Every structure is written in C-alpha cells, then in structure tokens.
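Okay, structure first, notes after.
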Amino acid sequence: MKQVVAVALILLLLFFLLPFLLLGGGSGGESVLPLDRPVATPAPSGPLDTERTIDVLQKDGSVTTMTMGDYLWSVVAAEMPASFELEALKAQTVAARTYALRKMTYGSANHPDADVCTDHTCCQAYITPEDAQANWGENAQVYTARIQNAVSGTDGIVALYDGKPIDAVFFSSAAGQTVDAVEVWGNSVPYLTGVESPEGEEVPNYHTTVTLSAEEFKTAFLEAHPDADLSGTPDSWLGNITPNSAGGVESIVVGGITVSGTEMRTLFSLRSTSFTVTEQDGQFTFSVTGYGHGVGMSQYGANAMAKEGSTYEEILKWYYTGISLETWQGEDSASPSPSPAPAA
C-alpha cells in the first residue's frame, strides 16, 4: 500500500512540474521561449497613447497609421539600448513623445503627408518589433517588456517650455558636460543649456582616435576650403583652438581659415567635438571623447543618473533646463493639458 501511495505522489508531482520544466522556469527567473514559438508583440500601452494615432512615413514610401504607443515602442527600441535602467528608458520615451508632438503640431516640409518618418537624419530612428527582437536574441522577451513598461509608465507625458513642446534633442555620451545649443547650431534655446553629465569610462568607445596622413588631411580640408593655405609643412597647418563651454572645440584655425569644431567633426568623421589634434611625423591624430552633438539629454548620462536613483522626471529636468512635464490630453489637441504629470 505504501508503495502505491508513493508512486501516486510521484506521478502527481510530475504532472504539476512538467509544464514548468518544459517552459524553462528554472532559468534564474527569466523564462526562455521555445525556439519554434514567436516572441509576443508589445502589449497595449496606456490609454492616452493607445487612443492617439500618428502617421508614419516608412522606408518604402508608404504611410502607416499606428497608435502613439506602438510608434514610441519602436523609437525607443531603436534609439536607446534596452538594457538601460527603466528610468532612463522612460526619459527617452518622454523625449520621443515630445518630439512626435512637436512634429504633429508644426509639421514637416520633408513629409507633408505624414507626421514623422523613420529616417533618423530627419526625425527619429525606428525599428519594427520583429527586427528588434531578432537583434536581442534570448533577451527578446525581457527587453520587449522593459520598453513597454517605459511607454506605459509615462502614458501621455510630454516636456514643455512656456506651454509648448520642446525640441527634445539628445545624443549618446558627453565628455563630462553638455553644451549650449547656440555653440552648435547658432541659435540660443533657453532649455538647451550646458549642464554637467555623469557618464564616464563605462561607455563603450568613450575614447576614440582618428589618424590621417598629411595628404589625407590636406585633401579633405581643401575640398571644403580651397582658399586655405596648406603649402607649408604639416606642423604649420594648425593654429589656435577656441574651446567651447564643455571643454571641447568651438573653433580651430587650419591653414589660416577659422572653422567650427562641428565642421571638423563632419570633415574627419569624428564622434564628437570634444577632441584634441596633434601632428607628428606627417600624421594627424584626433583624440576624441564621447559621441554626438552634445546638446540636450545624454543617453549614457541619463542611465548613470538612473543607476544613482534619479527618476525620469529628475533626469529630464536636469538636461532640459526650466521645462515642465505635463499630460497631453484631448484627441486632436495641439496644446497639452496643464494637469501635472503623475509620479513614476
């Protein structure tokens, strides 16, 4: 009788545990889907982003109407590493939503039949859930949910200055400080002023170098500035450097021509304007720190702040000076509601 009872208990135990084992429930709390089962698409976002739609110009020229929540998921998945802290992903989501609202409010001559496009040089980067999940591999389920939480956790929240959606520009990483918009684009923007940024050595490719022969340097520079005097020895071509507010290069004299650090970055494919340049034995070496234009929110800085306990509201208000965070109400309203943003 005891043997019968023991066998019955074992069979009963296997009956309950078998589904758990087959689904990989013993993998440290992160279940892994079988290879032949597709990863689930992002779940519905919050009610405001689900009710609102946006027209998106795709790469093939077609225009897709989708919910704001679905659009934001694809933007955040493309713009920021999904492994980042949730509060950093939330800050990125609010920036993306604000950017979209600004485009919907003011329009774009580049795509008059669509609110936004998927070209990051014009609007924001964009990736489909299928492509994102293929890139993430075994982390697809976790990262899909993480970004969905960032979208639903900031439902309808936008960043405003004087009641209008800001130009929520951002970049990858700074050399310790962001810069004023006027130093990069020539226009002073009150909420785009330089602030300290905490990222550092943990950033991939934080320090990079670009090395050019004297002939390569000369050819590239003369193509842009044929009046430059590069007739002497290479060590005589470089002149005074004027630093910007973040310690990078505002301008530099090359062959008697004063050019901006931004133009030098473009000419020589540098990752940022935070660089030094030296000439030795007929070679020019650029030593570069950080990545991006340096204006607005630093993504790696946002992640560093989140790791230290900052909320997405604190991150956004740090990088965008004097803004407010408010809930965008109304089906077709171009002006957000004055109601305060809910807590994270």
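The values are calculated or read from the model by the stated rules, or taken from the named source; none is laboratory data. These numbers come from a predicted model, not from an experiment. Cβ placement follows ideal geometry from the backbone for every residue including glycine, while neighbour counts extend to all protein chains displayed. Please note that ligands, DNA and RNA were not included when accessible areas were found on the heavy atoms of the full protein model with its side chains. Shrake-Rupley method; radii C 1.70, N 1.55, O 1.52, S 1.80 Å.
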| field | Integer Hz, Karplus 6.51/-1.76/1.60 couplings in order for the stretch 152-161, x for Gly and Pro | value | 5, x, 10, 2, x, 7, 10, 9, 10, 9
| field | Residue-wise HN-Hα coupling along the stretch 255-266, computed from phi with Karplus coefficients 6.51, -1.76, 1.60 (Hz; x: Gly, Pro) | value | x, x, 10, 8, 10, 6, x, 4, 5, 4, 4, 5
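Too long at a 18 Å Cα-Cα cut-off: which of K90/K307; K90/K164; K90/K317?
Numbers: K90/K307 13 Å; K90/K164 20 Å; K90/K317 13 Å.
Over 18 Å apart, Cα to Cα: K90/K164.
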| note | Counting sequence-distant residues (5 or more places) and residues on other chains, those with an amide H built under 5 Å from that of Q283 are none
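Once you list every other residue whose beta carbon is under 13 Å from the beta carbon of T128, what net charge do they have if Lys and Arg are +1 and Asp and Glu are -1?
Details: positive: K59; negative: D60, D70, E130, D131.
Neighbour charge sum, excluding T128 itself: -3.
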| query | Which whole-Hz ³J(HN,Hα) couplings does the stretch 174-190 yield from phi under the Karplus relation 6.51 cos²θ - 1.76 cosθ + 1.60, θ = phi - 60°, glycine and proline marked x? | reply | 10, 8, x, 7, 7, 10, 5, 4, 4, 6, 9, 10, x, 10, 7, 10, x
| query | Per residue, how much accessible area does the stretch 223-325 have with a 1.4 Å probe, in Å²? | reply | 45
| remark: Per-residue accessible area, 1.4 Å probe, largest first, puts L48, L160, L222 in the order L222, L48, L160
| said: What are the equivalent ellipsoid semi-axes of the stretch 59-197, built from the alpha-carbon gyration tensor (square roots of five times its eigenvalues), in whole angstrom, biggest first? | reply: 25, 20, 14
| note | If each K or R counts +1 and each D or E counts -1, the residues other than N244 whose Cβ falls under 9 Å of its Cβ total -3
| Amide H contacts of T311 (H built 1.01 Å from N, under 5 Å, at least 5 apart or other chain) | none
| message | From Cα pairs below 8 angstrom and at least 6 apart in sequence, can you work out the relative contact order of the stretch 56-169, rounded to a whole percent? | response | 38
| query | Of the listed peptides 298-305, 148-155, what is their order by residue-averaged count of other C-beta atoms within 10 Å, with the highest listed first? | reply | 298-305, 148-155
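Kirkwood hydrodynamic radius for the stretch 192-311: how many Å is it when counted over pairs of different Cα atoms? Don't skip to the end; give the middle numbers.
Values: mean 1/r = 0.0643 Å⁻¹.
Hydrodynamic radius (Kirkwood, Cα only) of the stretch 192-311 equals 15.5 Å.
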| said: How large is the accessible surface of Y106 in square angstrom, using a 1.4 angstrom probe and rounding to the nearest 10? | reply: 130
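Counting Lys and Arg as +1 and Asp and Glu as -1, what is the net charge of the other residues whose Cβ lies under 14 Å from the Cβ of V63? Could the numbers behind the result be given before it?
On the way: positive: K59, K103; negative: D55, D60, D113, D115, D119.
Net of charged neighbours comes to -3.
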